[in-house]
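Step one of this worksheet: look at the structure below.
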Amino acid sequence: EVKLVESGGGLVQPGRSLKLSCAASGFSFNDYWMGWVRQAPGKGLEWIGEINQDSSTINYTPSLKDKFTISRDNAQNTLYLQMSKLGSEDTAIYYCARSDTYYGYNYPDYWGQGVMVTVSS
Amino acid sequence: DIQMTQSPASLSASLGETVTIECLASEDIYSNLAWYQQKPGKSPQLLIYDASSLQDGVPSRFSGSESGTQYSLEINSLQSEDAATYFCQQHHDYPNTFGAGTKLELK
């Protein structure tokens with residue numbers, strides 16, 4: 001069974017940094033692209049970015065590229081999201097997602113349960 | 001960025017009815033579209049990928065289709081468990097983008 005478990009969320013002050021983790025199990029982690037998606041309270045989904053199997057390619061949504069860094073540790077089956085210069089607009093549930101690939105195009109097929117990040121003083 | 005215009009924002013339907021949700025892409029995405037279902041307090045679940053391919057384990061009453069840059073999700077014979085918010089996502093180009101969502105309520 002594919003399982004993705006996010007951790008590291010919580011309350012953080014504006015301007016500070018936070019690092020989220022996503023522990024993967026139930027599949028061969030190093031065979032898949034992995035990514036992050038967020039959802040502000042009561043709002044829609046926003047794609048943050050994704051990383052390929054050997055970390056040689058990382059794609060971001062342009063507005064977050066300078067604030068967020070995606071990385072992975074295949075030995076630990078763990079995906080990370082390093083977030084810096086956080087503002088109230090970053091308050092959201094952050095989802096880790098595995099991506100399947102169809103003719104070279106990736107789409108999230110399994111999602112974690114999400115972790116809440118609240119940016120407030 | 002590719003814009004995904006999803007409609008309607010909400011709809012109400014009765015058990016057993018058929019509903020259709022649509023997403024219009026701002027440019028050609030060559031069928032690289034997925035549909036997700038999200039229930040309150042839960043993470044999204046993949047229903048459809050490649051515009052019309054049913055994800056394993058998803059009931060056959062869900063189907064996807066396309067006409068040009070317009071993509072549709074049809075749900076036949078609505079069941080109570082279909083009450084949820086549905087999102088489309090284009091994964092043809094970066095950044096991937098989602099539609100705003102359609103909240104489906106069962107009468």
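The values are calculated or read from the model by the stated rules, or taken from the named source; none is laboratory data. Please read all numbers here as calculations on a predicted model, not as lab measurements. A quick note on method: Cβ atoms are made from the backbone with ideal geometry, for glycine too, and the neighbour counts reach across all protein chains shown. The area values use the complete protein model at the heavy-atom level, side chains included, leaving out ligands, DNA and RNA. Shrake-Rupley method; radii C 1.70, N 1.55, O 1.52, S 1.80 Å.
Structure values in brief
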item	result
Enumeration of residues in region A:8-31 that are in contact (Cβ under 8 Å) with a residue 24 or more places away in the chain, away from every other protein chain (no Cβ under 14 Å) and over 14 Å from the mean Cα position of the chain (by Cα)	A:G10, A:L11, A:V12, A:Q13, A:P14, A:G15, A:R16, A:S17, A:S25, A:G26, A:F29, A:N30
Residue in region B:44-53 that is of a type outside the set (A, V, I, L, M, F, W, C), touching a Gly at 6+ places or on another chain (Cβ under 7 Å) and more than 9 Å from every other protein chain (Cβ to nearest Cβ) present	yes
Residue match in region A:10-33 (condition: open to solvent by 40 Å² or more (accessible area, probe 1.4 Å) and of a type in the set (D, E))	yes
Test for B:T5: is it closer than 17 Å to B:D93 by Cβ and without any contact (Cβ under 8 Å) to a residue 60 or more places away in the chain	no
When residues of region A:98-121 are limited to those that are more than 7 Å from chain B (Cβ to nearest Cβ) and open to solvent by 70 Å² or more (accessible area, probe 1.4 Å), the one nearest to B:S52 (Cα to Cα)	A:Y103
Enumerated strands (runs of 3 or more DSSP E) restricted to region A:23-121, each holding at least 2 residues that are over 26 Å from B:W35 (Cα atoms)	A:68-73, A:78-83, A:115-119
Strands (runs of 3 or more DSSP E) fully within region B:7-94 counting 3 or more residues that are open to solvent by less than 60 Å² (accessible area, probe 1.4 Å) and farther than 25 Å from A:Y94 by Cβ	B:10-13, B:19-25, B:62-67, B:70-75
Residues of region B:57-107 classified as at positive phi and within 13 Å of chain A (Cβ to nearest Cβ), total	2
Any hit, region B:20-27, residues being of a type in the set (A, V, I, L, M, F, W, C) and at the interface with another protein chain (Cβ under 9 Å from one of its Cβ atoms)	no
Residue within region A:42-61 that is surrounded by fewer than 13 Cβ atoms within 10 Å (Cβ to Cβ) and acidic (D, E) present	yes
